[in-house]
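Structure record follows, encoded as structure tokens.
The values are calculated or read from the model by the stated rules, or taken from the named source; none is laboratory data. Keep in mind that what you see is a predicted model, and the values were worked out from it rather than measured. Positions of Cβ are generated from backbone atoms using ideal geometry, with glycine treated the same way; all protein chains shown enter the neighbour counts. Calculation scope for accessible area: heavy atoms of the full protein, side chains included, ligands and nucleic acids excluded. Shrake-Rupley method; radii C 1.70, N 1.55, O 1.52, S 1.80 Å.
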Amino acid sequence: MTPTITATGALGHSLRDGGADATTYDVTVIGAGVVGTAVARELARYRLRTALIDGSDDIGNGTSKANTAILHTGFDAAPGSLEARLVRDGQRRLAAYAAATGIPVERVGTLLVAWDEEQLAALPALAAKAERNGYHAARIIDAGELRAREPHLGPGALGALEIPDESIICPWTTPLAYATQAVRAGVHLHLNCRVGHIDSGQDVHTLTTTRGPLRTRYLINVAGLYADELDRQLGHDAFTVTPRRGQLIVFDKLARDLVDHILLPVPTEAGKGVLVAPTVFGNVLLGPTAEELDDKTATGSSADGLALLREKGRRILPGLLDEEVTAVYAGLRAATGHEDYRIRAYPDQRYVAVGGIRSTGLTASMAIAAYVTELLAGTGLELGTPTELPPLTMPQLGEAFPRPYLRAELIAADPAYGTLVCHCERVSAGEIRDALTSTIPARSKDGLRRRTRAAGGRCQGFYCGAAVRALIEEAQP
């Protein structure tokens, strides 16, 4: 007999043994990336039995962990599209949420740099597009002002379109905050729970997973790269996900003084192109590439991809190539060949599909969650009256904000916050302890790095790796 799936310890409330009411969820969200966790958080505001499941061992462990970490304004989305509306709404929601919960955000602004006459001539149309998207602060600046604003730019820049309200944000703390609030409000989080088959009955979907069967009345598919495969199991062929690999190079913190804004090229049909951007952790990003692949697991970097980035970076910011590289990583975006998000409800099946959420998904996540919840209500689910979730304060990872090792009052109350384990990123024993015992604890070195920055600095764990591993092992049940 296959055991019924159960939640574990800090990851949710254990299910009761018994009849259907004890083992059937009202709603199950498949996919614990930034959008899936946002949806789960939104549903946590209602008196529903909700599950959030993911095939990985952590939340935000797919596309969400490897993006360019920009809080977009939506100035360049297709006017009138669902994406344009949700990015615009999501930017306002997430900016307010980040301020309330301590997610690091820095408003640095974006400059779309024109490197030739054709690109310069395209700037007025891009400014007009921003206006149609409800963004009215865009303005064109000439070469002289551009050079004054970014003195380290390569030669030949002719002007730029300034988007002053674009920001950089922590891409890891955001889904962790969503999931933490959801779990604390009663959502059951099931990790290492990959869906193999979906059997849809008249009243209940039965999911065959790697942790046993799971039954749910309503189903939300936010499975990212695998959303199309699950969608087809339910009889639909609305989109096909083609993984688009984006490789990026992370430069040392000593490079941070070279750039003050997010530097973008004039966009093309293939995307926004290769950018140079500061991060909230004090580094500088160069990337991403845009490579259409067949393999949904191909997150490795390539010599050709990194060579392309260095070639592009040399033109944009020549001095950047003289700086030390801290890390290289790659992520896969869920491209569908459509310009817009692929979000659709199927009332007869009590099912909502959420596909084609590209690089703007981080920004739009809270608005997507609200929109999906509205669609869910339209399929027949009685939501009831929403409640406010208890406030949440997340660990502060931003370089521009007070870190625990600098806070005398915190160290006086608990000396562990003054004991550094990772010297490159200034991560204390207290922070690591907290991450290993939190509502959704880190279970791996990568999970701990995303929660604390430990082993994510210049030496990439060469000095602190053994100590970090020992602390993880001590915390394992």
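For the reader, a short list of remarks on this structure follows.
- Residue in the range 286-313 that is modelled with the highest pLDDT, counting only those that are open to solvent by less than 10 Å² (accessible area, probe 1.4 Å) and assigned to a strand (DSSP E or B): LEU286
- Residues that are open to solvent by 50 Å² or more (accessible area, probe 1.4 Å) and more than 15 Å from THR50 (Cβ to Cβ), drawn from the range 176-195: ASN192, ARG194
- Checked against the criteria, THR110 does not count as touching a strand residue (DSSP E or B) at 6+ places or on another chain (Cβ under 7 Å), at negative phi and open to solvent by 10 Å² or more (accessible area, probe 1.4 Å).
- Qualifying residue in the range 322-341 (condition: within 23 Å of THR174 (Cβ to Cβ), in contact with a Pro (Cβ under 6 Å, 6 or more places away or on another chain) and not in a loop (DSSP other than H, G, I, E, B)): yes
- Considering the range 342-377, and only residues there that are β-branched (Val, Ile, Thr) and part of a strand (DSSP E or B), the residue that is surrounded by the fewest Cβ atoms within 10 Å (Cβ to Cβ) turns out to be ILE343.
- Inter-residue pairs, beta-carbon under 7 Å, first free of Cβ contacts under 8 Å to residues at least 40 places away in the same chain and in the range 433-454, second outside any helix (DSSP H, G or I) and among the β-branched types (Val, Ile, Thr), 6+ apart: ALA454/VAL421; ALA454/VAL427
- A single member of GLU388, GLU374, GLU431, GLU409 is of a type in the set (Asp, Glu) and either closer than 30 Å to ASP348 by Cα or modelled with pLDDT under 95 (or both), and it is GLU374.
- Within the range 455-477, considering residues that are in contact (Cβ under 8 Å) with a residue 40 or more places away in the chain and over 27 Å from the mean Cα position of the chain (by Cα), the one least open to solvent (accessible area, probe 1.4 Å): ALA467
- Flag if GLN396 is touching a Ser or Thr at 6+ places or on another chain (Cβ under 7 Å) and open to solvent by 30 Å² or more (accessible area, probe 1.4 Å): no
- Among the residues of the range 60-92, those that are within 15 Å of the chain's Cα centre (by Cα), part of a helix (DSSP H, G or I) and modelled with pLDDT of 95 or more comprise VAL87, GLY90, GLN91.
- Cross-chain or 6+ apart pairs with Cβ under 6 Å, the range 119-143 first and more than 17 Å from VAL266 (Cα to Cα), then of a type in the set (Val, Ile, Thr): TYR135/THR73
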